[in-house]
Every structure is written in C-alpha cells, then in structure tokens.
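The values are calculated or read from the model by the stated rules, or taken from the named source; none is laboratory data. These figures come from a predicted structure and were not determined experimentally. All Cβ positions, glycine included, derive from the backbone under ideal geometry; neighbour counts span all protein chains shown. Heads up: the accessible areas ignore ligands, DNA and RNA and are worked out on the full protein's heavy atoms, side chains in. Shrake-Rupley method; radii C 1.70, N 1.55, O 1.52, S 1.80 Å.
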Amino acid sequence: MTILPQPGILDIRLYEGGESRIEGCTNVLKLSSNENPLGTPDVAREAFARAVHDLHRYPVTDHAALRQAIGEVWGLDPARIICGVGSDEIIHLLCQAYAGPKDEVIHTEHGFLMYRISALAAGATPVEVRERDRTTDVDAILAACNRRTRLVFVANPNNPTGTMIGQSELRRLAEGLPPQALLVLDGAYAEYVDGYDAGAALIAERDNVVMTRTFSKIYGLGGLRVGWGYGPRAVIDVLNRVRGPFNLSTAALAAAEAAVRDRAWVTRCRTENARWRDWLARRLAEMGVPSDISTANFILARFADTAEAEACDAHLRSEGIIVRRVAAYKLPHCLRITVGDEASCRRVAHAIGQFKGVR
Ligand SMILES: *Cc1c(COP(=O)(O)O)cnc(C)c1O
C-alpha cells in the first residue's frame, strides 16, 4: 500500500460507545453511558422543536447567544468561550492546534480514551501516567513532563473512576508544568460537584489552563453533541481558527442555550444524583462490592478479579441491565455503573445482590 495516512492514525483504536441493546430483551436498562436518567430539560426540547422552522438557514458562526448564556450562568467572559460538537471536539481542536509530531500529550492511567485518540490523530505521542489508588497523581504527572510536553489532560472528576482532586492540587499541577505546556481540565462531570468551579478561578489567574465542559451529561443532551471550552483569550483565538465555522447546528445551539439557563434543572439533577449514587454505593459495599467515593454520576464497582467482574456483567445482561466494562481503561476487574433514577438503582442493586448471593 502506497497511499498512507499521517503517522499515528493507524494506531488509533476505535472508541466504543456504551451499548444500548441486548438481543431478545425488551426491558433494557442502559447504565453504560452516564446519561441523565431525568432526560432533557423541557425548555431545551421546546427550543429544539422551534428550530424546525429555520432548517433552511445556515447557523450562526460565532455562537454569540450560547456563549452569552454560558457566561451569565457560570460567571465567565463570553469572549473566552468556544463551543464545539461535544467537548470531544474541543479536545480534538486542542490536540490539532497544540500538539504534533514529536510532541507529547499526557493523560492519566485510567483517563478518558478520547485524549489518546485525539493526540494520535494529531500525530503527537500520547504519554500515560500512573494514578495513585485510581486517583490523579500530580507528582507523577509533573515527573513525566519534559521539553516535549504540550498538553496535559486531567478529567476532574475522572471517568471511569469517579474520583477527583482538590483545588490546591490542581493549582500545584498548573504551577509546576513546563512553560510550553497547557493544562486541560475536563469538567464533563463538574456540575455534579456542588461548589466546584471546574477550574474557573485557576484560569482567571493563569495563562496555561483551559477547561472543557459538556451538555451531554447533566443537561441530558448527549444526542445533540454540544460542548464548550474556556481559557485564555489567546488559546480560544487559536482554537477558533481551526474550528469549522458551522460546526454547531441551529437546533443544537438553541437547545443548549435554553438548557444552560435552566439552573433549577442542574440543582435538581445534582441533588437526585448524589442521593441515589450514595445509596447505590452503600448497597453494593454491603454486598462486598466496594467503590471509591464518586463525585460524578456513576460509580466504579470493584470486584475480586476480572473473572468475577465478567461474570457479574453476564448476570446483569441476563437481567436486561447494561453497565460498562472498563477493561479498555485498564480496570478489567471493575464495572462502571451509571446512577439512574430510584427504580433503576434498585433494579441494578437487586441484580448484583442476586449475583453475590445476598438477600
Ligand atoms: C462524557 C465525557 C465527555 C463528554 O463528551 P461529549 O463529547 O461532550 O459528549 C468528556 N469527557 C469525559 C471524561 C467524559 O466522560
């Protein structure tokens, strides 16, 4: 073969989304993609429906109304916000713009798979750094940095572990990076953590930190693909140069704007999630299935070994329940379980209880 893609691209292993079907099963409970059990806010669905009248028009290119809304709600400067096709696109643009051949992109041992994929797509070298007890280890990241380090991705809270590190650790990380490296704080689950600013204060003080956020999780808009980033003006300016001008559809922009203005939705979902997450974690622990303290909308259930995790997964499937196997995240003895509504949490806890022989 003489027609070859850029180096790195053939090393990409395709990302697999959470499964949603089980052959021959109608009452499937999908807890594999960290989707919001409460669905989408009504205001967002209404805004989406209204957009049907404008489908012959091109969308705006500057996303001004959505950036304004995000800025108002989160107390951020709209001029420093960029909107993308999910936060995945922001991650992709960061790699495209800041990392290339011979550059290194750091991600953590159990970090989100998209960091590695986007780094390879840009021709850069992904560098995996170990975690400590399934938690981001700032010292290990700093030790892995060198002259080639261009980007450092940290999801906080992290997926699939659910753990997070505090403000002082984040600050220590940002302060310790080499001058040419940018810290990317992935805040896909930030809204689930009461009082967490997702790195906004750090970004206000420094010029080497960016945050990414999404409408796919607490806002229940995963199917629509909207995310955003916030950072130094110079970085946002760079990303806008490589972003497609019409990357977000009119319908997506309208729905996201309505969703972000629905502050009551976020409070309600955060409260419900915390309640049932903590209930589920406690029930599983009582059955001999521990998990780390999760700050997100899922828990990482730990089993004795890979065989037990696989057997439990098979049992759950036989009961019509889909959770996420996380062997690709180097956690073959774990299952990631999205926190559903009360009925879903009770159903999955009951099934795991059956599996463990607990009554
Ligand atoms: C779900 C998730 C995202 C969101 O991706 P979108 O492209 O916005 O849907 C980003 N980062 C992490 C760690 C996630 O788990």
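Based on Cβ point charges of +1 for Lys and Arg and -1 for Asp and Glu, what charge dipole magnitude is obtained for the chain about its Cα centre, in debye rounded to the nearest 20?
200 debye
Mind jotting down the distance between the C-alpha centroids of region 161-182 and region 282-311, whole Å?
Cα centres, region 282-311 to region 161-182: 27 Å.
Mean separation of Cα pairs under 8 Å and 6+ residues apart, divided by the residue count of the chain: what relative contact order is that in percent?
Relative contact order of the chain: 24 percent.
Go through Met1, Met164, Met211 and list them by solvent-accessible area, largest first, probe radius 1.4 Å.
Sorted by accessible area, descending: Met1, Met164, Met211.
Can you give the extra length, in nm with one decimal, that the chain gains between Arg268 and Gln180 once fully stretched, where that is 0.36 nm per residue apart less the Cα-Cα distance?
Gain on extension, Arg268 to Gln180, equals 27.6 nm.
When the dipole is taken about the Cα centre of region 1-149, and only Lys, Arg (+1) and Asp, Glu (-1) are charged at their Cβ, what size is it in debye, to the nearest 20?
For region 1-149, the charge dipole is close to 260 debye.
Per residue and in Å³, how big is the convex hull formed by the alpha-carbon atoms of region 42-261?
110 Å³
Shape of region 141-216 from its Cα gyration tensor (a ≥ b ≥ c, root eigenvalues): rounded if a/c is under 1.5, otherwise prolate when a/b > b/c, or oblate?
In terms of gyration-tensor shape, prolate.
Please list 125-135, 250-260 highest first by mean number of surrounding beta-carbon atoms within 10 Å per residue.
So the peptides 125-135, 250-260, ranked by packing, come out 250-260, 125-135.
When a/c reaches 1.5 or more, the comparison of a/b and b/c decides; with that in mind, is region 1-68 rounded, prolate or oblate per its Cα gyration tensor?
In terms of gyration-tensor shape, oblate.
With a 10 Å cut-off between alpha carbons and a GNM built on the chain, which of Gly75, Gly227, Gly86 moves the most?
It is Gly75.
Quick check: the distance between the Cα centres of region 35-63 and region 77-105, to the nearest angstrom?
After rounding, the separation between the Cα centres reads 24 Å.
Multiply the residue gap between Ala328 and Ser168 by 0.36 nm, knock off their C-alpha separation, and tell me the result in nm, one decimal place.
54.6 nm
Rolling a 1.4 Å sphere over the protein heavy atoms, what is the accessible area per residue of the chain, to the nearest Å²?
That works out to 45 Å² for each residue.
GNM on the chain, C-alpha springs below 10 Å: top fluctuator among Gly222, Gly176, Gly17?
Maximum among the listed residues: Gly17.
In whole Hz, what ³J(HN,Hα) sequence does region 11-23 give by Karplus (6.51, -1.76, 1.60; θ = phi - 60°), x for Gly and Pro?
With the stated coefficients, region 11-23 comes to 8, 6, 9, 4, 5, 10, x, x, 5, 10, 10, 10, 3 Hz.
Using the basic label-point model (7 angstrom from Cα toward the beta carbon), what is the Glu310 to Glu16 distance in nanometres?
In this crude label model, Glu310 to Glu16 measures out at 1.2 nm.
State the extension gain, in nm to one decimal, for the chain segment bounded by Leu55 and Arg132, taking 0.36 nm per residue of separation less the distance between their alpha-carbons.
22.8 nm
Say a site is exposed when it is one of the chymotrypsin sites (Phe, Trp or Tyr not before Pro), sits in a DSSP loop, and has at most 13 other Cβ atoms within 10 Å; what is then the longest site-free stretch of the chain?
Result, exposed sites excluded: 16-245.
Which percent of the accessible area of region 202-314 is formed by carbon and sulfur heavy atoms (probe 1.4 angstrom)?
52 percent
Restricting to DSSP H runs of at least four residues, report the calculated mean residue ellipticity at 222 nm for the chain, -39500 (n - 2.57) per run over all residues, nearest 500 deg cm²/dmol.
-12000 deg cm²/dmol
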